[in-house]
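The values are calculated or read from the model by the stated rules, or taken from the named source; none is laboratory data. None of the values given here were measured: they were computed from a predicted structure. Every residue, glycine among them, receives a Cβ derived from its backbone with ideal geometry; neighbour counts consider all protein chains shown.
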Amino acid sequence: MTGRRVLLIQGHPDASEPHLCHALASAYATGAQEAGHLVRRIEVAALGFPLLASQKAWETGLLPASLQQAQEDIRWAEHLVLFFPLWLGDMPALLKGFLEQVARPGFAFTREEGGNPFGKKGLTGRSARVVVTMGMPALAYRWYFRAHSLKSLERNILGFVGISPVHETLIGLTGNMKSEDAGHWLMKLKRLGEKAG
C-alpha cells in the first residue's frame, strides 16, 4: 500500500518552548512515518508574516514570500492535521492569520464561469483532522459551548475550500494533566498517524 502525503500544521503560537501540541504532533508524525506515510510540517510560529488588513490585500495582494512554501505543502498534501490550543474560545490569532493569508483566491478557490469568485473549491480531494487542546473539559466545550469555534473552522475555512471529511480530536483538562493521561493521548495520536487519519 502506498503511503499518504500528510501535512502537519502546528498552530501553537509559542515557539520559545515545547508544549503539549508539539508533543502530539511529534507522536502523530512518528506513527505516520513508521507506517510509510510521507510527512511534512509547518510551524506557523516560525514563519513570520504580516496579518491581512483589507479585502483588497487578500484578493489582489502578493502572498508573503515566507508563506510560499506553506502553500506548496498544502497543495502537495492529501491529508492535513492542524494542532492548536483553544485560546479565548477559539484558535490563536496567529493561526487564523496564517489561514487567511494562504487561503487566497486562485489557490484555495477559483472563479466559476459566469462570475462567482468563490465558485470552485481549490482544495478538494483532501481530508483533515483538527487536534485541539484546552483547559476545560472537552465534553463541556463540545456540548455546552457547542464547539462553536471548531465548527466555524470546519465549515467556514476547511469546508469552504473543499477539504472534507474533517475529523476532530479534542483534549481537555490539559492544565494539570497527569503524565499517564498525557501518555495515553500521545499513543492515541501515534495510532492516528499510523492510519494517516
**Request:** Pull up the range 100-125, narrow it to residues that are part of a strand (DSSP E or B), in contact (Cβ under 8 Å) with a residue 12 or more places away in the chain and not aromatic (Phe, Trp, Tyr), then point me to the one that is nearest to residue 55 (Cα to Cα).
**Result:** 105
**Request:** Please determine, by comparing only the residues of the range 18-36 that are in a loop (DSSP other than H, G, I, E, B) and under 20 Å from residue 173 (Cα atoms), which one is modelled with the highest pLDDT.
**Result:** 19
**Matching residues, the range 126-162, being in a helix (DSSP H, G or I), among the charged types (D, E, K, R) and closer than 18 Å to residue 197 by Cα** = 154
**Item:** In the range 72-109, residue surrounded by the fewest Cβ atoms within 10 Å (Cβ to Cβ) [restricted to those that are touching a Lys or Arg at 6+ places or on another chain (Cβ under 9 Å) and farther than 23 Å from residue 151 by Cα]
**Value:** 76
